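Below: one structure, written as structure tokens.
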Amino acid sequence: MGKTIMIVEDEQAFHDLYTMMLEDTDYEIVRAYDGDEALAKLEEKKPDLIILDILLDLVTGDTFFLYIKGMPEYLDIPVIICSSFSEKAYKNLKEMDPNLMFLEKPFTKEKMIEEIKAKIG
């Protein structure tokens, strides 16, 4: 079995897009539609990487990110934030985790795969 990627995104269209981008890979996809659901799924299975949207209902993406980076058992999970907002708006997150990667929407399948492979192979 390949590595696991959790997609935390509130819009179904983006879940579909990311799944399509990853369909020719061996990655297992776990879906969460808000930060609260993502926290629950983290307890079920620790992913190898998280693709995270910032604008989410209930628990926002930046709150979710800060939470997992504050928990020793999740600290090592690489995160790629996919957002239509500029990385500059969230520079404090990058300061907390220098390995954090931002992909500004829209981006290509090749860019997504390149960043995932750089993080988890």
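Side notes on the structure shown:
- When only the Cβ of Lys, Arg, Asp and Glu is charged (+1, +1, -1, -1), the dipole of the chain relative to its Cα centre reaches about 400 debye.
- Residue pairs, from the table Lys3/Lys91; Lys46/Lys69; Lys45/Lys88; Lys3/Lys45; Lys45/Lys105, whose Cα atoms sit over 23 Å apart: Lys3/Lys91; Lys45/Lys88; Lys45/Lys105
- Site pair Glu23 and Glu114 shows an inter-label distance of 2.3 nm when each label is modelled 7 Å from Cα along Cα→Cβ.
- The phi torsions of region 65-82, fed into the Karplus equation with coefficients 6.51, -1.76 and 1.60 and a -60° offset, translate into couplings of 4, 4, 5, 5, 6, x, 10, x, 6, 10, 4, 8, 6, x, 10, 10, 8, 10 Hz, rounded to whole numbers, with Gly and Pro shown as x.
- The amide H of Ile81, built 1.01 Å from its N in the peptide plane, has Leu52, Met101, Phe102, Leu103 as neighbours under 5 Å, considering only residues 5 or more places off or on other chains.
- Near-label residues of region 86-117 by backbone N, under 16 Å of a point 7 Å along Cα→Cβ of Asp76: 99
- Looking at the chain, the pairs of alpha carbons with a distance over 25 Å make up 13% of the total.
- A viscosity of 1.002 mPa s and a temperature of 20 °C, combined with the Kirkwood radius over C-alpha pairs in the Stokes-Einstein formula, give region 1-46 a diffusion coefficient of 196 µm²/s.
Read-outs throughout are calculated quantities, based only on the coordinates presented, and are distinct from any laboratory measurement. Predicted, not measured: the structure shown is a model, and the values here were computed from it. Every residue, glycine among them, receives a Cβ derived from its backbone with ideal geometry; neighbour counts consider all protein chains shown.
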